[in-house]
Amino acid sequence: MRRTNKRKDSMETKKTKFAALTSVLAITALVVTACSGSSVTSSPSVATNPSAVTSSSIATATPTPINGAGQTLTVLIGADGKYGAQQQQWFKDVSAAFQTQTGATVNFQTFASGSEELTKIQTSVVANQGPDIYVVGTTFTPTAYSTGAFVSLTPDDWNKVGGKDKFVPADLGISGPTDSDQVGIPYTSGPFVMAYNTDLLAKAGIDKPATTWDGLAAQAKQLTGNGVYGMAVGYKDGFDPWKFIWAMSRQAGNPIISGKVAKVDDPTTLKAYQTYFGWLTTDHVVDPASVGWNDGQALAAFASGKAAFFPMSTTSNIPTLKTSAVKDTYKFALMPVVPPGATALPAGGAGATSILAGNNVVVAKYSKNQDLAFALVKYLTDDANQQVLFNTFGTMPVNQTTFTAVTTSNPALGPILDSAASSVATPFSGAWADTQLALMNVVVQTIPDLSSGSVSTSKLQSLLTAAQKTAQASLDKAP
Amino acid sequence: MIPGGALMIFVIVVPILLGLYMSVLTLDQYTLRQWLSAPFAGPGNYIEAVTDSPLLKSFWISLSFAVLSTAAAVPLGIAAALATQNYFPGRAVMRSVFLIPFVMPSFVVATVWRTMFQPDGVIVNGLHSVGITSGLWLNGPNSYWTLVFVEVWASWPFIYLLALAGLQSVDHDVHEASALDGASWWPKLRYVIFPYLKGPVALACVIATLNHINNFALPFVLFGIPAPDDVQTLPILTYSTTFESFRFGLGAAMAFSSLMLLAIPLIIYVRAVKLDVDEGADK
């Protein structure tokens, strides 16, 4: 389940120096802010960073000074496999800055896998003790909410983290079931986009990727041949398949879960699976070996120039692509937003370019340092740190000020930022984890048929019926 | 007695009782926080586990996979033990090499084999080069045989170790006596050596079978979650139910149902091969 955060790490290593500079500036800003004891500071240090100068978040960094001397905040966060050293340095920087600001130290605990994350969260929930702050994937937020173990944010709590207004509105879409009942505070964004090979498209006379799934399949057919496939897809990946199915279904007007009703066996979802599998069985636009590929292997195929499109990509793939055979011939575009079989978005359909992907932070109810925790969350989501996260790890900012600055200064990232702004949240339901697993199970059990070149409608319907039963049963158990 | 009893209570009895208690609760993500006051479900989780979940199918998958793995590992282990029984140059090295699969962590074994069993991996390509189209090994019906094969590869040295220990216990006089009697290699093996191996190998079989049934890391890393239906073993099903679907009560009921189901053949087998020490001592 979870884990939209597993691939939204980073992007541009060439910006490391700038990241270091930004990091120093951010820390300096905090130090100066803390030392001044004032909520409004315009220090010379901050003034050297244009984005920091325009940051309302820094300006309101400490609305109420908090004395955390002698206290320790514990944060549970996913280990960054690609930028481990940078992450460790970032931990030190944040802890030092926060100690200067409040007197409290920050202890970062990391988890290496989703299983480890779940185990730690469940153990803490049962024991009523553990980390004060958890960084969780957006799709895991509904499950976290359903445990009742995390602070339901009051208007005052939102003020403590800088106010809702400082966040990109779309990123608040999976913070809670309603606007007034929320537990998740946006932390990073990692929208999905589609990478494409400009050289291959140009040779085929295609000026830009299609905006409909049917159009994309047609372009992929045109691009397939001479050892090159139209698309690179990882059917064996543990997460990507359900995202394709959800996106196509949502675009067709089916949110998969609507209130207390599961709609997994809806015709729109059947069509989504048929389209997804059809790329291999009928369109023949993906490598047959992709039945055993995960996302990384699909990326490798695209990076070696053997595929024209790589849908369901994130900025975390940029470091790989920048050193690959396609380093000068790849671009990003939005994934199609018109569902299979349609030429325009149908009534009730949502132009979902991506699931609302990224990470939220949640604060444990059992935490004895909640105000201190909110102060740290404020620091983490303020402009200065969001700049650091963007430059160091490539995560898209959730802070509106940072988002605007990044948009202005990085036109090449336009599609990614557009996708961030137009992402659509998956259903906020405690049953989503089960439903997501059921959607994945359909793909897993179909792979042998996929490999043989034919997936029958009857088998697909049978699997969807079973998935529907699972999803509905899970929904029925929700209070 | 008292230290041992206290240890047993805290290490074994208390966790089992807690698990048993969990199995009769409606314990899920909604009630986990206040788990001691979670709604009482009675036998509901057990009924659901047996009648409305893949538990029984998983039971047969686990049991058959475990028995097959043990059956395949036994001749390999005994043969290796016999081959390294008598001294020859390099015997120590060979004995050490034999243990490599056994000492490797399961997740490492699974990762390596998963890479080799990929659709465009070395095994499929190798078979294809000699004219064999093998199909998928990590999905579909073949996945079951992949699991058996990798489990045998990783576990046969355990049988080898215990068989070797059995061979070490054969009295030198017995070898001399059989030689004086002119016994050829097979009668000597069949009537002289094998009786010495019966106890250690039988014990190895029981332990190995239980280890196969409880092996979570191997199928988890080889096939992932959700697992293909053909390799949804008991540990995988219990894990998925508990930690992916957050049905902690149902997961506990599945674990206890599995324990009861497995205890029956296990007890019968243990008594049949007379591994009960006291009973043997009485005779």
### Query
Residues of segment B:1-43 being loosely packed, with under 15 Cβ neighbours inside 10 Å and either aromatic (Phe, Trp, Tyr) or in a loop (DSSP other than H, G, I, E, B) (or both), which ones?
B:Met1, B:Phe10, B:Pro39, B:Phe40, B:Gly42, B:Pro43
#### Entry: Odd one out for A:Val338 among (1) under 22 Å from the mean Cα position of the chain (by Cα); (2) more than 14 Å from chain B (Cβ to nearest Cβ); (3) aliphatic (A, V, I, L, M); (4) closer than 30 Å to B:Ser143 by Cα
(4)
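Can you name the residue in segment B:226-246 that is outside any helix (DSSP H, G or I) and either among the charged types (D, E, K, R) or facing chain A (nearest Cβ under 8 Å) (or both) and, of all such residues, is surrounded by the most Cβ atoms within 10 Å (Cβ to Cβ)?
B:Phe246
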### Residues satisfying the stated conditions in segment A:275-291, i.e. under 24 Å from the mean Cα position of the chain (by Cα) and within 12 Å of chain B (Cβ to nearest Cβ)
A:Ser290
### Message
Within segment A:70-153, considering only strands (runs of 3 or more DSSP E) that don't extend past its boundaries, which have at least 3 residues that are over 23 Å from A:Phe428 (Cβ atoms) and not charged (D, E, K, R)?
### Response
A:72-78, A:105-111
#### Entry: In segment B:195-208, residue nearest to the other protein chains (Cβ to nearest Cβ) [restricted to those that are under 16 Å from the mean Cα position of the chain (by Cα) and surrounded by fewer than 23 Cβ atoms within 10 Å (Cβ to Cβ)]
B:Ile207
### Task
Residues that are in contact with a strand residue (DSSP E or B) (Cβ under 6 Å, 6 or more places away or on another chain): find the helices (runs of 4 or more DSSP H) completely inside segment A:246-322 holding 2 or more of those.
A:267-281, A:295-303
### Query
Only one residue in A:Gln109, A:Gln122, A:Gln87 is within 14 Å of another protein chain (Cβ to nearest Cβ) and either within 24 Å of the chain's Cα centre (by Cα) or closer than 26 Å to A:Gly190 by Cβ (or both), so which one is that?
A:Gln122
### Task
Hey, could you check segment A:421-438 for residues that are of a type in the set (Gly, Ala, Ser) and at pLDDT 85 or above and say which is farthest from B:Phe246 (Cα to Cα)?
A:Ser423
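For (1) touching a strand residue (DSSP E or B) at 6+ places or on another chain (Cβ under 9 Å); (2) modelled with pLDDT of 95 or more; (3) within 14 Å of chain A (Cβ to nearest Cβ); (4) more than 23 Å from B:Asp229 (Cα to Cα), each residue gets a yes or a no:
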residue	(1), (2), (3), (4)
B:Ile78	no, no, no, yes
B:Arg91	no, no, no, yes
B:Ser96	no, no, no, yes
B:Trp113	no, yes, yes, no
B:Ile123	no, no, yes, no
B:Trp137	no, no, yes, no
B:Ala179	no, no, no, yes
B:Trp186	no, no, no, yes
### Query
Within the group A:Ala431, A:Ala420, A:Ala438, which residue is crowded, with 24+ Cβ neighbours inside 10 Å and more than 14 Å from chain B (Cβ to nearest Cβ)?
A:Ala420
### Message
With the structure loaded, tell me whether A:Gln461 is surrounded by fewer than 17 Cβ atoms within 10 Å (Cβ to Cβ), more than 25 Å from B:Leu32 (Cβ to Cβ), out of contact with any Cys (no Cβ under 8 Å at 6 or more places or on another chain) and more than 13 Å from chain B (Cβ to nearest Cβ) or whether it fails that test.
### Response
yes
### Task
Can you work out which of the residues in segment A:124-163 that are acidic (Asp, Glu) and either free of Cβ contacts under 8 Å to residues at least 12 places away in the same chain or more than 20 Å from A:Phe108 (Cα to Cα) (or both) is surrounded by the fewest Cβ atoms within 10 Å (Cβ to Cβ)?
A:Asp156
### Message
Could you check segment A:172-192 and list, in sequence order, the residues that are touching a helix residue (DSSP H, G or I) at 6+ places or on another chain (Cβ under 8 Å) and part of a strand (DSSP E or B)?
### Response
A:Ile185, A:Pro186, A:Tyr187, A:Thr188, A:Ser189
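The values are calculated or read from the model by the stated rules, or taken from the named source; none is laboratory data. Keep in mind that what you see is a predicted model, and the values were worked out from it rather than measured. Every residue, glycine among them, receives a Cβ derived from its backbone with ideal geometry; neighbour counts consider all protein chains shown.
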